[in-house]
Amino acid sequence: MTVRDICSIGHPALRIPAVAVPEAEIAGERVQGIVDDLIDTMRHANGAGLAANQIGETDRIVVIEVNDNPRYPYKPPIPLTVAINPQLEVLDGETVVINEGCLSVPLRGDVARSVNLRVRYFDRHGAEHCHEARGLAAGTWQHECDHLDGILITDRADPATLCTWEEFERHHRDAFIERITRFVELVGS
Ligand code: ZN
């Protein structure tokens, strides 16, 4: 496992839509190596998730894990999930505005996300999974899968809400945490 460099906004890899991994290649050394590096790099950077584009790879692979995350203390835990060829289905019209950050973008901003999703993907052993994701977990899935399509939070955020982490902490953090904590209590995730 290797901690890889994370591409920053402006790097072309972030804008190239990733390519589906052939099922027969999932067990192979190349794909397993990318999965290992994604996990290691995400944990090293305290990310809630990481997509293959962010380390310069072109495969449709994301990893997600939330566990007492210092970057996002209000996020309920999500066990380590490796998702190969993930597909999201929006289940209804309910949305929530989430202030998001990204390891590839030095800003945070408000993004409207669907609250209720069905997610399908293969894990690193090639087993197929299908389950529902709600609330902030659903937001994390949408953020990571956006990366696979070459989309960044700066494309989706209300431009007037973009701010540095420092100014977020100073001026917006308390109000956001109060609102999102109420939302998490309501939705349960
Ligand atoms: Zn991101």
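Read-outs: derived from the displayed coordinates by stated rules, not from any lab. Computed from a predicted model, the values in this text were never measured in an experiment. We place every Cβ from the backbone using ideal geometry, glycine too, and count neighbours over all the protein chains shown.
Relative to the longest principal axis of the Cα atoms of the chain, the long axis of helix 135-148 lies at roughly 50 degrees.
Axis angle, to the nearest 10 degrees, between helix 173-187 and the longest C-alpha principal axis of the chain: 70 degrees.
Reducing region 24-66 and region 85-109 to their Cα centroids gives an inter-centroid distance of 18 Å.
Cβ-Cβ distance of residue 30 and residue 68, R₀ of 25 Å, FRET efficiency by 1/(1 + (r/R0)^6): the value works out to about 0.20. Put a plus charge on the Cβ of each Lys and Arg, a minus charge on the Cβ of each Asp and Glu, and nothing anywhere else: the dipole of the chain about its Cα centre is then about 240 debye.
Model label points for residue 92 and residue 177, set 7 angstrom from Cα along the Cα-to-Cβ axis, are 3.0 nm apart.
Could you work out [θ]222 nm for the chain from helices alone, using -39500 (n - 2.57) per DSSP H run of at least four and dividing by all its residues? Round to the nearest 500 deg cm²/dmol.
Details: 4 runs with 49 residues, N = 189.
Per the formula, -8000 deg cm²/dmol.
Compared with the dominant Cα axis of the chain, that is its longest principal axis, helix 29-44 is turned about 20°.
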